[in-house]
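Asks: Quick one: this structure, given as structure tokens, is what I'll be asking you about.
Just so you know, all these numbers are worked out from the coordinates, no wet-lab data involved. Predicted model, so just to flag it, every value in this text is computed and none were measured. Here the Cβ positions follow ideal geometry from the backbone for every residue, glycine too, while neighbour counts run over all protein chains shown.
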Amino acid sequence: MLATGFPYQGGFVRLVGPQGIFKPMQIRRYPLSITTTSQGPYQDAFEPEGKYLLYSYRGSDPNHHENRGLRDAMRDRIPLIYFHSTVPGHYLAVWPVFIIHDNPGQLMFTVAVDDPFQLGRSADDADEEIRRGYVTRLVRQRIHQRTFRDRVLMAYREQCAICRLRHTSLLDAAHIVADSSPEGEPVVSNGLSLCKLHHAAYDRLYFSVRPDYRVEVRPEIMEERDGPMLLHGLQNIHEIKIQVPTRVRDQPDPRLLGIRHDVFMSERESRGA
């Protein structure tokens, strides 16, 4: 869809191209979109405080026509589309974004995301910098969450590690150690691909995954009598071994599983189980 584009005057206007800074032939002057690829040659990144995105020049020549196009868009306050590739073939689209600064010495442009409902406001909008910084930080968080989910699900071949459900709309990337913790980095080895039922149960410590990759269900859950959902969804997963990614570096980190399992055991003890 992105490469094919949308119909326009008997043809199609593409949204992205093989290069990061893209101007379709139907547009005379300004680029339409900029793209960060998951395995590209450029070092696009958010500033340490997350306020803005630093976007790399095309090549090392500040006067390359694509770099000049972004400079023109900055001067004339032209909104662009930003595509961020989370994994190969998957993109998160953000609109509108604006080029707000040019740094030839670092071969970088500074990019800010804005609120689409604020388009058309005057150039001397006093709240613009504060608003754009806030919106950009929210987008940065959304990109990180989406990237974590897409990479975890891809590593687990888009199936639940416990029940092997393959409907991606019903799958989540569960953190082993919460992202609010210093240990909780958004990397695949700190994640589990779980269906929504098992994700909710995992977050509520109904069960744990031990460092040996086996599931341990709380004793009181094992003793309950309810219906087929409890039986098949929770009780029957006790002591099963979860499915793990093929690549060793993507497999759940036993140390992190141990940290999470200690929390699970403390909860059991507090309940007297």
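Asks: What would the Debye equation give as log₁₀ I(q)/I(0) for the chain at q = 0.07, 0.08, 0.09 Å⁻¹, counting only Cα atoms as equal point scatterers?
Replies: Each listed q corresponds, in turn, to -0.36, -0.46, -0.56.
Asks: Under 30 Å between alpha carbons, and skipping anything fewer than 8 positions from Lys51 in its own chain: which lysines qualify?
Replies: Output for Lys51: Lys23.
Asks: Cut-off is 10 Å between beta-carbons; in what order do Glu269, Glu220, Glu185 appear when sorted fewest neighbours first? Intermediate values should be presented prior to the final figure.
Replies: Numbers: Glu269 9, Glu220 12, Glu185 15.
Taking fewest neighbouring Cβ atoms as first place, the list is Glu269, Glu220, Glu185.
Asks: Moving on. Among His65, Ala201, Pro48, whose Cα sits farthest toward the positive end of the charge dipole of the chain (+1 at Cβ of Lys/Arg, -1 at Cβ of Asp/Glu, about the Cα centre)?
Replies: Among His65, Ala201, Pro48, the one farthest towards the positive end of the dipole of the chain is His65.
Asks: For region 45-77 and region 84-134, write down the distance between their C-alpha centroids in whole Å.
Replies: 10
Asks: Which value, in debye to the nearest 20, gives the size of the charge dipole of the chain about its Cα centre, when Lys and Arg are +1 and Asp and Glu are -1 at the Cβ? If you can, show how the numbers build up before the last one.
Replies: Values: 35 positive and 34 negative charges, 181 e Å.
Value, rounded to 20: 860 debye.
Asks: Stokes-Einstein diffusion coefficient for region 159-271 at 4 °C in a medium of 1.567 mPa s, Rh from the Kirkwood formula over Cα pairs: what value in µm²/s? Intermediate results must be reported in sequence, preceding the final value.
Replies: Working: Rh = 14.3 Å.
Once the numbers are plugged in, D ends up at 91 µm²/s.
Asks: Could you pull out every one of the aspartates and glutamates with an alpha carbon less than 13 Å from that of Lys241, ignoring same-chain neighbours closer than 8 positions?
Replies: Within the straight-line cut-off, Lys241 pairs with Asp212, Glu216.
Asks: Spin-label point model (7 Å from Cα, Cβ direction): what's the Arg157 to Gln251 distance in nm?
Replies: Between Arg157 and Gln251, the simple spin-label model gives 1.5 nm.
Asks: How big is the charge dipole of region 159-271 about its Cα centre, in debye rounded to the nearest 20, if each Lys and Arg gets +1 on its Cβ and each Asp and Glu gets -1 on its Cβ? Display every interim value, and only then the final one.
Replies: Values: 15 positive and 17 negative charges, 82 e Å.
Charge dipole of region 159-271: 400 debye, to the nearest 20.
Asks: Just add up the charged neighbours of Arg271: K/R +1, D/E -1, any other residue whose Cβ is under 11 Å from the Cβ of Arg271.
Replies: Values: positive: Arg218, Arg268; negative: Glu220, Glu267, Glu269.
So the environment of Arg271 carries a net charge of -1.
Asks: List the aspartates and glutamates whose Cα sits under 14 Å from the Cα of Lys196, skipping any in the same chain fewer than 8 residues away.
Replies: The reachable aspartates and glutamates, counting only those whose Cα sits under 14 Å from Lys196, are Glu158, Asp172.
Asks: Taking the Kirkwood radius as the inverse of the mean 1/r across Cα pairs, report the Rg/Rh of region 17-152.
Replies: Values: Rg = 14.4 Å, Rh = 15.3 Å.
Result for region 17-152 is an Rg/Rh of 0.94.
Asks: Okay, moving on. In sequence order, what are the phi-derived ³J(HN,Hα) couplings for region 21-34 according to the Karplus relation 6.51 cos²θ - 1.76 cosθ + 1.60 with θ = phi - 60°, rounded to whole Hz, with x for glycine and proline?
Replies: The phi angles translate into 9, 10, 10, x, 5, 6, 9, 6, 10, 9, x, 9, 8, 10 Hz.
Asks: From the helices alone, meaning DSSP H stretches of at least four residues, give me the mean residue ellipticity at 222 nm for the chain, per-run term -39500 (n - 2.57), in deg cm²/dmol to the nearest 500. Mind showing how you got there, number by number?
Replies: On the way: 6 runs with 76 residues, N = 273.
When only DSSP H runs of four or more count, the value is -9000 deg cm²/dmol.
Asks: Also: Residue by residue, what Karplus-based ³J(HN,Hα) values in Hz, rounded to whole numbers, does region 163-172 have, using 6.51, -1.76 and 1.60 with θ = phi - 60° and x for Gly and Pro?
Replies: 9, 6, 4, 10, 7, 4, 5, 9, 10, 10
Asks: Set the Förster radius R0 to 25 Å, insert the Cβ-Cβ distance between Ser266 and Gln243 as r into 1/(1 + (r/R0)^6), and round the FRET efficiency to 0.05.
Replies: On the way: r = 27 Å, r/R0 = 1.08.
Computed FRET efficiency for Ser266 and Gln243: 0.40.
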